[in-house]
Amino acid sequence: MEEFDNNLPGTFSLLVKPASADCNLCCDYCFYLDRSSLYPETKVHRMSDSVLERMISSYMATRQHTYSFGWQGGEPTLMGVEFLKKVTELQKKYGRQGAIVSNGLQTNATLIDDELAAHLSKYRFLVGVSIDGPAEIHNRYRQYADGRGSHAAVLRGIECLNRHNVEFNALVLVSSANIKKAIIVYNYLRNHGINYHQYIPCVEFDNFGQPLPYSIAAKEWGDFLCEIFDEWIIKDRHKVSIRLFDAILGYMVDRRYSMCTQGGNCRQYFLVEYNGDVYPCDFFVERHTKLGNIMKNNWKEVGGSSRYRSFGNKKADWNSLCSCCDYLEFCSGDCLRHRVYRGETPNTLSWLCEGWKKFYAHNIPSFQKIALSILNERQLSLPSAQRKFYDTLPRIRIGWNDPCYCGSGRKYRLCHGAAKGKNKQVSR
Ligand code: SF4
Ligand code: SF4
Ligand code: SF4
């Protein structure tokens with residue numbers, strides 16, 4: 001069995017681009033379409049059976065609690081249902097008995113038909129559907145190459161998923177088309193029975209460093225999130241799951257980061273392109289970030305490369321203002337993508353910083369109350385003997401010179417501890 005180097009994160013997941021950047025849509029703000037320039041050898045990019053088998057077999061030979069595959073693009077459904085059938089067959093072939101396998105599929109949903117939906121349902125794929133709100137908002141940027149909007153086709157795909165009881169979440173790209181329409185978008189999803197939401201900020205620049213017309217500003221982002229939060233907390237706290245909110249609560253309750261943007265390093269997953277090339281992150285698929293190719297290199301080689309370490313370490317090289325920010329433990333300086341967008345160094349303050357601060361200042365006290373109620377409910381659900389034991393558990397303490405919990409590899413005092421000011425130890 002190929003073991004992953006213990007000096008690296010013990011677990012890792014795969015984000016796979018089986019059709020590379022190929023897509024049947026041509027959304028104005030797509031950040032991945034131009035990645036096809038890395039692979040000019042062919043116009044149509046499709047993962048071969050040999051690359052697929054090598055990727056699955058080698059990954060499933062590593063030790064993981066969960067073998068986690070995210071299928072993305074471009075548009076992964078261009079591969080057709082036969083490809084996904086091969087995927088699940090190979091996972092069965094190479095999975096040890098009892099192995100837990102998780103498959104996620106991020107799609108524009110326009111190509112989903114009954115056969116595909118039935119397969120996604122049978123194997124419990126976690127599906128993410130890109131939809132930006134009602135037609136007049138969605139069609140502004142999510143279009144076919146001939147300019148037709150894609151909203152009607154997305155709804156047809158969603159109907160198919162519903163017919164086959166496939167649970168899915170909505171991925172909403174928050175751009176200039178919907179940044180001022182938070183409640184309209186939120187209620188549109190709710191009215192369509194969509195209870196899992198993910199909101200992603202659209203921040204893109206031209207070659208001269210100017211924000212592109214669909215990009216949003218930091219303050220707008222803060223306002224958008226606050227409006228969504230206010231609507232959610234009043235009406236839907238127990239009914240609707242919003243990924244960012246879940247991640248904040250998950251951190252408060254269990255002290256675990258569930259989104260890579262929260263953590264102190266960018267060594268969270270590997271991206272595998274159609275031909276087996278491996279990169280460290282979806283947003284940094286570039287010639288100089290390539291880590292290797294799974295047909296030639298094993299996971300230890302790509303994960304142990306100095307290029308991967310150096311990329312991962314950039315996350316904790318945040319701005320000095322972050323080191324004394326009250327929200328560092330939630331934000332960790334924000335995603336690198338919002339810091340090095342114009343070729344800046346990683347210690348540039350995030351483009352969205354002002355928005356994040358507004359959101360956290362407005363909502364952290366409410367999140368803290370919810371987290372407390374979750375902890376209380378959890379404790380009350382224990383049998384009384386266990387509850388007494390739980391009460392007497394010592395709080396975990398982090399020493400000033402201990403490694404920081406965020407995974408940056410730095411001492412706590414030089415990492416998230418710096419924001420705690422003079423306190424030399426904190427309870428967690
Ligand atoms: S559907 Fe997704 S991959 Fe396709 S063009 Fe739009 S944003 Fe890009
Ligand atoms: S750059 Fe952003 S998206 Fe990529 S791994 Fe780091 S935090 Fe995650
Ligand atoms: S909110 Fe701003 S200052 Fe605070 S950690 Fe995030 S990016 Fe840094």
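No value in this document is a laboratory result; all are computed from the given coordinates. All figures in this text were calculated on a predicted structure; none of them were measured in a lab. Reconstructed Cβ throughout: ideal geometry from the backbone, glycine too, with neighbour counts over all protein chains shown.
Descriptive notes on the structure:
- Taking the range 135-248 and dividing mean pair separation by its residue count, relative contact order in percent (alpha carbons under 8 Å, at least six apart): 24
- Based on C-alpha pairs under 8 angstrom that are at least 6 apart in sequence, the range 24-160 has a relative contact order of 29 percent.
- Basic side chains Lys and Arg get +1 at the Cβ, acidic Asp and Glu get -1 at the Cβ, and with that the dipole of the range 66-198 about its Cα centre reaches some 320 debye.
- FRET E, pair residue 34, residue 382, Förster distance 41 Å, beta-carbon r, rounded to 0.05: 0.20
- Length added when fully stretched, residue 309-residue 152, from 0.36 nm per residue minus Cα-Cα: 52.1 nm
- Pair-distance profile P(r), taking every C-alpha pair of the chain, with 10 angstrom steps and integer %: 4, 19, 30, 29, 15, 2, 0
- With R₀ fixed at 22 Å, the C-beta to C-beta distance from residue 233 to residue 258 puts the FRET efficiency at about 0.65.
- Value of relative contact order over the chain, rounded to a whole percent, pairs C-alpha under 8 Å and six or more apart: 15
- Residues of the range 114-142 with amide N under 14 Å of a point placed 7 Å along Cα→Cβ from residue 184: 132-141
- Extension gain, residue 414 back to residue 41 (0.36 nm per residue minus Cα-Cα distance, nm): 129.6 nm
- A full extension of the chain between residue 241 and residue 300 corresponds to an added length of 17.7 nm, given 0.36 nm per residue minus the alpha carbon distance.
- Annotation for the range 280-330 versus the range 161-235: alpha-carbon center distance of 27 Å.
- Exposure rule at most 11 other beta-carbon atoms within 10 Å, DSSP loop GluC sites (Glu not before Pro): the chain longest free segment: 42-285
- The range 30-152 shape via C-alpha gyration tensor axes, a/c threshold 1.5: prolate
- Of all DSSP beta bridges in the chain, antiparallel share, percent nearest 5: 25
- Pairwise centroid distance, computed over Cα atoms, of the range 84-132 with the range 20-69, Å: 15
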